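Working notes for the structure below.
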Amino acid sequence: MKKTLLALAMVSAVVAQPALAAKQKVCIFDILGTGGDGFNAAKDYAVEMQKTGVDMELKAYVDERVAVEDFRTGQCDAVMATALRTRAFNALSAAIDSAGVSTIVRNGKVDLAASYEVVHKAIQTFSSPKAASLMVNGLYEVGGIIPLGAAYAFVNDRQISTLEAASGKRIAAFDHDKAQAQLIQRVGARPVAADVTNFGAMFNNGSVDVLIAPALAFKPLELAKGVGTKGAVSRYPMTILTYQMIIKRDRFPEGFGQKSREVWLSRFNYALEIVKRSDASIPVKLWMDPTPADTDRYTVLMRDGRIDMAERGFYDKKGLKIIKRIRCDVNPSAPDCSEASENW
């Protein structure tokens, strides 16, 4: 009788476990498809995760919208995309990509190395076991974060050298990122709806005057065509973008999310080297540096914009608060570190 009861209990326990696929399917957004650095990083990651008993099948997408939609509708068990898209699954981790949230300015000049230190520490914080509950949102869990690079303003005319000069100009704005359009309108510019499949072409053919993008997009999208002989690239990072992996928790073993976040964290420096090479691929003559006064002013404008977007519900307040603490740990002398802003 005891053996019968034990057998029944074991059967019940097995039935209670969620059924896992033989192979977990992962949708990977990479503008270059299977030939891109993002997809290659995902391949290395998949090999590493085989040690946890998870065998992944990777599928590359050049259209981010389709990748995320396939994930949402159950055709994939996980997705790797920009935080601008994954915000719908975890707004707190996506706060890393909020306007200017990680930008460090010292003596009127952007300290890009310190800015990436903020991003690194933020990812470390979110990848810590102590933050595990924050990485879970219902059925979804953040499976990892890596840097995609600073987003710069590519302009078709060097006369667009300040935010005031951008007033009335047409700026490409991703139609799925409502905060982007709002921030563009704050400086008096005109947001023009775009997506990852056409925003480069819109800049190159003159449909928009300004494009906000990371250096990683410069060569693949041939943005030199849009910059032309009169344009430039402003060396002020509007934000630092990240790739984020989101998994469906019931499609992976218990504890997989934490291990996955730690593996992606260990690849931070690898990803950052790719970002640095991309920045270096932009010809020196195309860079345009804002004045120290403008740099300080932009930092304040970015902060005010973040606060406004948070109050409107576009940015996650708790995420911004956590990253402000990290930013002030890296640069405690910053003026806003002694202020109550972003301390919700």
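The values are calculated or read from the model by the stated rules, or taken from the named source; none is laboratory data. Predicted, not measured: the structure shown is a model, and the values here were computed from it. With ideal geometry, Cβ positions are generated from the backbone for all residues, glycine too; neighbour counts draw on all protein chains shown.
For segment 159-170, indicate whether the set of residues that are in contact (Cβ under 8 Å) with a residue 60 or more places away in the chain, closer than 30 Å to Val330 by Cα, surrounded by 21 or more Cβ atoms within 10 Å (Cβ to Cβ) and among the aliphatic types (A, V, I, L, M) is non-empty.
No, segment 159-170 contains no residue that is in contact (Cβ under 8 Å) with a residue 60 or more places away in the chain, closer than 30 Å to Val330 by Cα, surrounded by 21 or more Cβ atoms within 10 Å (Cβ to Cβ) and among the aliphatic types (A, V, I, L, M).
Within segment 30-139, considering only helices (runs of 4 or more DSSP H) that don't extend past its boundaries, which have at least 2 residues that are more than 25 Å from Ile212 (Cα to Cα)?
Details: elements: 37-49, 64-72, 83-86, 112-127.
Helices (runs of 4 or more DSSP H) meeting the threshold: 37-49, 64-72, 112-127.
Go through segment 31-55 and give me each residue that's touching a residue at least 24 places away in the same chain (Cβ under 8 Å), at negative phi and not acidic (Asp, Glu).
Narrowing segment 31-55 to residues touching a residue at least 24 places away in the same chain (Cβ under 8 Å): 31-34, 36-38, 41-42, 44-45, 48-49, 52-55.
Restricting the remaining residues to those that are at negative phi gives 31-32, 34, 36-38, 41-42, 44-45, 48-49, 52, 54-55.
Across segment 31-55, the qualifying residues are Ile31, Leu32, Thr34, Gly36, Gly38, Ala41, Ala42, Tyr45, Met49, Thr52, Val54.
Among the numbered criteria (1) of a type in the set (S, T, N, Q); (2) over 22 Å from Phe199 (Cβ atoms); (3) in contact (Cβ under 8 Å) with a residue 12 or more places away in the chain, which single criterion is violated by Thr86?
Checking Thr86 against (1) of a type in the set (S, T, N, Q); (2) over 22 Å from Phe199 (Cβ atoms); (3) in contact (Cβ under 8 Å) with a residue 12 or more places away in the chain, the one that fails is (2).
Just give me the residues in segment 264-279 being free of Cβ contacts under 8 Å to residues at least 60 places away in the same chain and more than 19 Å from Gln244 (Cβ to Cβ), in sequence order. Outline the logic, then answer.
Taking segment 264-279 and keeping what is free of Cβ contacts under 8 Å to residues at least 60 places away in the same chain, we get 266, 269, 273, 276-277.
Glu273, Lys276, Arg277, listed by residue number.
In this structure, is Ala232 surrounded by fewer than 18 Cβ atoms within 10 Å (Cβ to Cβ) and among the small types (Gly, Ala, Ser)?
Values: surrounded by fewer than 18 Cβ atoms within 10 Å (Cβ to Cβ): no; among the small types (Gly, Ala, Ser): yes.
Criteria not met by Ala232.
Does segment 169-189 contain any residue that is touching a Leu at 6+ places or on another chain (Cβ under 6 Å), acidic (Asp, Glu) and part of a loop (DSSP other than H, G, I, E, B)?
Within segment 169-189 (the criterion being touching a Leu at 6+ places or on another chain (Cβ under 6 Å), acidic (Asp, Glu) and part of a loop (DSSP other than H, G, I, E, B)), the answer is yes, since at least one residue qualifies.
If Thr34 satisfies every condition in (1) under 27 Å from Ile240 (Cα atoms); (2) crowded, with 19+ Cβ neighbours inside 10 Å but one, which is the exception?
Going through (1) under 27 Å from Ile240 (Cα atoms); (2) crowded, with 19+ Cβ neighbours inside 10 Å one by one, Thr34 breaks only (2).
Checking the conditions here, which among Ala131, Ala153, Ala91 is crowded, with 16+ Cβ neighbours inside 10 Å and within 27 Å of Asp279 (Cα to Cα)? Don't jump to the end; show me each part of the working.
Working: Ala131 fails: within 27 Å of Asp279 (Cα to Cα); Ala91 fails: within 27 Å of Asp279 (Cα to Cα).
Just one listed residue meets the conditions, Ala153.
Residue by residue, here is whether (1) crowded, with 16+ Cβ neighbours inside 10 Å; (2) in contact with a strand residue (DSSP E or B) (Cβ under 9 Å, 6 or more places away or on another chain); (3) under 20 Å from Tyr236 (Cα atoms); (4) of a type in the set (Phe, Trp, Tyr) holds:
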residue	(1), (2), (3), (4)
Lys276	no, yes, yes, no
Val284	no, no, yes, no
Thr291	no, no, yes, no
Gly313	no, no, no, no
Cys328	yes, no, yes, no
Ala334	yes, yes, yes, no
Ser338	no, no, no, no
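Can you give me the number of residues within segment 233-247 that are among the charged types (D, E, K, R) and within 16 Å of Ile28 (Cα to Cα)?
If we filter segment 233-247 for residues that are among the charged types (D, E, K, R), which is where we start, we get 235.
With within 16 Å of Ile28 (Cα to Cα) added as a condition, the list becomes none.
Total meeting the criteria: 0.
Among the residues of segment 219-241, write down those that are of a type in the set (A, V, I, L, M, F, W, C), over 17 Å from the mean Cα position of the chain (by Cα) and under 27 Å from Gly35 (Cα atoms).
Narrowing segment 219-241 to residues of a type in the set (A, V, I, L, M, F, W, C): 221, 223-224, 227, 232-233, 238, 240-241.
Those left that are additionally over 17 Å from the mean Cα position of the chain (by Cα): 221, 223-224, 227, 232-233.
Passing the criteria: Leu221, Leu223, Ala224, Val227, Val233.
Only one residue in Gly257, Gly200, Gly226 is assigned to a helix (DSSP H, G or I), at pLDDT 95 or above and closer than 16 Å to Trp287 by Cβ. Which one?
Values: Gly257 fails: closer than 16 Å to Trp287 by Cβ; Gly200 fails: closer than 16 Å to Trp287 by Cβ.
The match here is Gly226.
Taking the condition in contact with a Pro (Cβ under 7 Å, 6 or more places away or on another chain) and β-branched (Val, Ile, Thr), does Ile184 pass?
Working: in contact with a Pro (Cβ under 7 Å, 6 or more places away or on another chain): yes; β-branched (Val, Ile, Thr): yes.
In short, yes.
Please specify each residue of segment 122-141 satisfying the condition of being touching a helix residue (DSSP H, G or I) at 6+ places or on another chain (Cβ under 8 Å) and closer than 18 Å to Asp316 by Cα. Give the derivation first.
The first filter runs over segment 122-141 and keeps only residues touching a helix residue (DSSP H, G or I) at 6+ places or on another chain (Cβ under 8 Å), leaving 122-127, 129, 131-132, 134-136, 139-141.
Matches in segment 122-141: Ala122, Ile123, Thr125, Phe126, Ser127, Ala131, Ala132, Leu134, Met135, Val136, Tyr140, Glu141.
Every residue in segment 289-338 that is of a type in the set (D, E, K, R), within 19 Å of the chain's Cα centre (by Cα) and within 22 Å of Ala132 (Cβ to Cβ), please. Before you say what the answer is, go through the steps one by one.
Step one: filter segment 289-338 for residues of a type in the set (D, E, K, R), giving 289, 294, 296-297, 303-304, 306, 308, 311-312, 316-318, 321, 324-325, 327, 329, 336.
Going one step further and asking which of them are within 19 Å of the chain's Cα centre (by Cα), we end up with 303, 306, 316-318, 321, 324, 327.
Correct list: Asp316, Lys317, Lys318, Lys321, Lys324.
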